[in-house]
Amino acid sequence: FFKNRFDITIKALIAAKAIKNAKVAQIGKLADGHINHMANPRAIYQYLGVDVTRDYEVEDIIALGDKMPAKEVDRVFGAVTSSAKISRVSVEKVRDSVKMYLAIKKICDENNYSAVAFSCWPKLMPLKEMLGCLTNSLLNSDGIAAGCEADIMGTISMLILQKLTGVPVALMDL
């Protein structure tokens, strides 16, 4: 009994330490009407030590993605298509997802972000006629917690779970 509880306590302390001073990027604004996802970055920093920034818009990610080297896009696209069948979605949309993944990964690397809350809805659908699920999935697989709809608290929850388990996690709007 003691060992199990002790192990849980140790994991919780490791996760708490791991998120202290973490940086989370909110990319784009919170979707209209999602008042239950509102978060106060100052309070988050005060209580969790997590720094939330909002320096990028969805349009920035699309523009940066379009500048990604074709070889790199081809490499990641090849990895995706070798492990999953493309069905009911165009190759172009998968390539766009790969480009956005590479753009966000670049931003994370350059700014030391541990996680991103990507405003995939409602911006991405009218701009690119697509969702951000594949982009977020690729980021999560790389160890960058990537949440949907600019949901900061959900993304921080994903980051904590990732630190607790050591594996990619997913928390999505269902």
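The values are calculated or read from the model by the stated rules, or taken from the named source; none is laboratory data. As the structure is a computational prediction, the values presented were derived from the model and not from experiment. Glycine also receives a Cβ, built like all others from the backbone with ideal geometry; neighbour counts cover every protein chain displayed. In case anyone asks, the SASA skips ligands and DNA or RNA and just uses the protein heavy atoms, side chains included. Shrake-Rupley method; radii C 1.70, N 1.55, O 1.52, S 1.80 Å.
If the condition is being small (Gly, Ala, Ser) and open to solvent by 10 Å² or more (accessible area, probe 1.4 Å), then the range 89-138 contributes SER90, SER114, SER137. Among the criteria (1) in contact with an Asp or Glu (Cβ under 8 Å, 6 or more places away or on another chain); (2) modelled with pLDDT of 95 or more, the one MET130 does not fulfil is (2). Residues of the range 114-130 that are closer than 21 Å to GLY33 by Cβ, part of a strand (DSSP E or B) and of a type in the set (A, V, I, L, M): ALA117 alone. Scanning the range 68-88 for residues that are without any contact (Cβ under 8 Å) to a residue 24 or more places away in the chain and either charged (D, E, K, R) or surrounded by 11 or more Cβ atoms within 10 Å (Cβ to Cβ) (or both) turns up LYS71, ASP74, ARG75, PHE77, GLY78, ALA79, THR81, ALA84, LYS85, ILE86, ARG88. Of all residues in the range 43-58, those being in contact with a Gly (Cβ under 9 Å, 6 or more places away or on another chain) and either surrounded by fewer than 13 Cβ atoms within 10 Å (Cβ to Cβ) or of a type in the set (Lys, Arg) (or both) number 1. Taken over the range 7-38, the criterion of being open to solvent by 40 Å² or more (accessible area, probe 1.4 Å) and aliphatic (A, V, I, L, M) is satisfied by ILE8, ILE10, ALA12, LEU13, ILE14, ALA16, ALA18, ILE35, MET38.
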